[in-house]
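These notes are about the structure you will find just below.
Values quoted throughout were computed directly from the atomic coordinates according to the rules given, and no laboratory measurement underlies them. Small disclaimer: the values here were computed from a predicted structure and weren't measured. Don't worry about glycine lacking a Cβ; one is built from the backbone with ideal geometry, like all the others, and counts go over all protein chains shown.
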Amino acid sequence: MAVLVQHSGFWIAAFGTMVGMLGMRFASSIFSKLLEKYPSVSRIALWVVCLLGVKMTVTGVMDGLPETVFKTISESHETDMAFSFLILLMFLWPMFRQLLTKRVGKKATSL
């Protein structure tokens, strides 16, 4: 144990773990507030998990195959950015839809 404590890698790992735990705590509190305000986000979160599972499965299957165009596309940085953008849009859609519904409702009642 004394040898482990003397290595700076231990303290870096311990500090990184603590920072990660704090980050997850704040992220979960933000997510729970979003769930209270936009209940449809929970359904979208399930779709996001499914989408990421499919992407990880495809990437894992492609790992064992020889180089092909599909493998190059599926493992590219652009594909990762497209998935990230799609996930962001999926989470922002309920908020945008609710905002749009409120504005249309206000216009309809003011007429």
Virtual spin-label span in nm between V69 and S32, 7 Å along Cα→Cβ: 5.0 nm
Could you state the angle between the C-alpha long axis of helix 41-63 and the longest principal axis of the C-alpha atoms of the chain, as a value from 0 to 90 degrees rounded to the nearest 10? 40 degrees
Label-point separation, L100 to S40 (7 Å along Cα→Cβ), nm: 0.9 nm
Choice from A45, A14, A27 with maximal GNM fluctuation in the chain (Cα, 10 Å cutoff): A14
How fast does the chain diffuse by Stokes-Einstein, in µm²/s, taking the Kirkwood radius from C-alpha pairs at 4 °C and 1.567 mPa s? 71 µm²/s
